[in-house]
1. Can you pull out every residue in region 89-108 that is touching a residue at least 60 places away in the same chain (Cβ under 8 Å) and aliphatic (A, V, I, L, M)?
2. Examine region 11-21 for a residue that is touching a Cys at 6+ places or on another chain (Cβ under 8 Å) and among the hydrophobic types (A, V, I, L, M, F, W, C), and state whether such a residue exists.
3. Enumerate the helices (runs of 4 or more DSSP H) found wholly within region 1-119, keeping only those where 2 or more residues are away from the ligand (no atom under 16 Å from the Cβ), farther than 29 Å from P134 by Cβ and among the hydroxyl-bearing types (S, T, Y).
4. For region 120-134, name all the residues that are touching a helix residue (DSSP H, G or I) at 6+ places or on another chain (Cβ under 6 Å) and aromatic (F, W, Y).
5. If you check E61 against the conditions, is it free of Cβ contacts under 8 Å to residues at least 24 places away in the same chain and either surrounded by fewer than 17 Cβ atoms within 10 Å (Cβ to Cβ) or more than 21 Å from T18 (Cβ to Cβ) (or both)?
6. Any chance you could count how many residues in region 84-100 are closer than 15 Å to F127 by Cβ and either β-branched (V, I, T) or touching a Cys at 6+ places or on another chain (Cβ under 9 Å) (or both)?
Amino acid sequence: MTQQTTNDSEGLETLQETVEELGLHKIQRHIFLCADQTKPKCCSHEEGLASWNYLKRRLTELGLDQPSAEVPSCVFRTKANCLRVCCSGPILLVYPDGVWYNQATPSAIEEIIQHHLLNNQVVEEYFLATHPLPNVDSE
Ligand code: FES
């Protein structure tokens with residue numbers, strides 16, 4: 001076993017601070033959106049970026065992106081290069097629910113935020129598939 005150097009300790013401290021700042025232990029849902037793709041297939045590069053920018057802006061405006069005193073959980077978002085559906089995009093996925101959406105334009109994203117994120121109701125109009133990930137402890 002190697003001895004940890006000062007730099008390793010500082011790196012771990014920085015890492016832990018980042019984990020705290022991001023609120024990783026307080027994530028309630030994680031959204032993946034196909035955007036800014038290397039090879040845009042499900043939608044144009046511009047459409048993907050427009051949806052991504054809208055998602056980021058609305059999560060921030062609604063205070064969903066950071067845990068707060070009133071709401072101690074948050075919604076994480078990740079720009080995916082490709083979610084492998086590659087048609088009818090932008091493709092958007094919500095975990096842990098495992099709900100996939102297609103045609104996630106800014107107006108669709110607003111519906112998904114208002115109904116799915118804030119009221120736990122799947123938006124049928126853009127619904128593609130559902131598959132919550134299996135609980136590995138129960139297998
Ligand atoms: S390019 Fe969007 S899902 Fe593959």
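Read-outs: derived from the displayed coordinates by stated rules, not from any lab. These figures come from a predicted structure and were not determined experimentally. Every residue, glycine among them, receives a Cβ derived from its backbone with ideal geometry; neighbour counts consider all protein chains shown.
1. Hits for region 89-108 are L92, L93, V94, A104.
2. No; the residues of region 11-21 include none that is touching a Cys at 6+ places or on another chain (Cβ under 8 Å) and among the hydrophobic types (A, V, I, L, M, F, W, C).
3. Numbers: elements: 6-22, 45-61, 106-111.
Once the helices (runs of 4 or more DSSP H) in region 1-119 are filtered for at least 2 residues that are away from the ligand (no atom under 16 Å from the Cβ), farther than 29 Å from P134 by Cβ and among the hydroxyl-bearing types (S, T, Y), what remains is 6-22, 45-61.
4. Y126
5. Details: free of Cβ contacts under 8 Å to residues at least 24 places away in the same chain: yes; either surrounded by fewer than 17 Cβ atoms within 10 Å (Cβ to Cβ) or more than 21 Å from T18 (Cβ to Cβ) (or both): yes.
Judged against the criteria, E61 is a match.
6. The initial filter retains those residues of region 84-100 that are closer than 15 Å to F127 by Cβ, namely 85, 88-94, 97-100.
Going one step further and asking which of them are either β-branched (V, I, T) or touching a Cys at 6+ places or on another chain (Cβ under 9 Å) (or both), we end up with 85, 88-94, 99.
Within region 84-100, residues that are closer than 15 Å to F127 by Cβ and either β-branched (V, I, T) or touching a Cys at 6+ places or on another chain (Cβ under 9 Å) (or both) number 9.
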